[in-house]
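Down below is the structure, laid out as structure tokens.
Every number in this text was worked out from the coordinates using simple rules, so none of it is lab data. Here the structure is a predicted model, which is why all the values come from computation and not from measurement. Here the Cβ positions follow ideal geometry from the backbone for every residue, glycine too, while neighbour counts run over all protein chains shown.
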Amino acid sequence: MNAHGTVHKYHDNVDTDVIIPARYLNTADHAELAAHCMEDIDRNFVNSVKQGDMIVAEHNFGCGSSREHAPIAIKASGISCVIASTFARIFYRNAINIGLPILECDEAAMEIKDGDEVEVDFDTGLITDVTTGKTYRAEPFPDFIKEIIAAGGLLNSIKR
């Protein structure tokens with residue numbers, strides 16, 4: 001598994017209320033959630049995000065409420081991977097459960113800039129900032145998590 005895209009960069013403590021504001025939680029429609037993803041922190045996100053792009057953030061990404069809507073909105077918006085220094089634990093598990101690849105790598109999260117082009121090799125954990133030529137190493141996913149992500153989430157994995 002690999003990902004390649006342009007970075008949308010955020011800083012510390014991006015909580016689930018800014019990933020998908022509570023006023024939109026009355027829908028389970030993934031496209032509707034994606035249409036409002038990040039709008040309270042980055043009004044331009046939904047207009048600029050392209051399929052395959054990535055989010056890079058610093059510490060405690062996904063803190064706040066334990067809603068699955070947040071990783072669903074991110075994945076449905078086209079984001080192929082989220083890289084952060086650290087994730088809120090419930091967000092981390094929710095992301096894996098819905099098939100959104102996320103990697104913790106402090107050095108990459110602190111150095112990669114908004115607009116950089118980045119490649120990720122999920123098998124090795126290698127993160128390459130194509131813009132700068134710098135590489136970083138995250139812990140690669142164990143096989144069972146790769147299977148969950150490849151299936152598109154935990155429920156699809158169980159059905160297989």
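Just checking the listed ones, L100, L33, L25: in the Gaussian network model of the chain with Cα springs under 10 Å, the one fluctuating most is L25. When the Cα positions of I74, V46, N156 are compared along the charge dipole of the chain, N156 comes out farthest toward the positive end, with charges on each C-beta of Lys, Arg, Asp and Glu.
For K159, a cut-off of 17 angstrom between C-alpha atoms picks up these lysines, skipping any fewer than 8 places away in its own chain: K146. For the chain, modelled as a GNM whose springs connect Cα atoms under 10 angstrom apart, the maximal fluctuation among C81, C37, C105 occurs at C105.
In the chain, helices alone account for a calculated mean residue ellipticity at 222 nm of -8000 deg cm²/dmol, with every DSSP H run of four or more residues adding -39,500 (n - 2.57). With a ≥ b ≥ c taken as the square roots of the eigenvalues of the C-alpha gyration tensor of the stretch 1-45, please select rounded if a/c is under 1.5 and otherwise prolate if a/b is larger than b/c or oblate if it is not? In terms of gyration-tensor shape, oblate.
Result for the chain in a Gaussian network model with C-alpha springs under 10 Å: among E58, E111, E119, the largest mean-square fluctuation is at E111.
For the stretch 4-143, the antiparallel share of DSSP beta bridges with both residues in that region comes to about 50%.
When only the Cβ of Lys, Arg, Asp and Glu is charged (+1, +1, -1, -1), the dipole of the chain relative to its Cα centre reaches about 520 debye.
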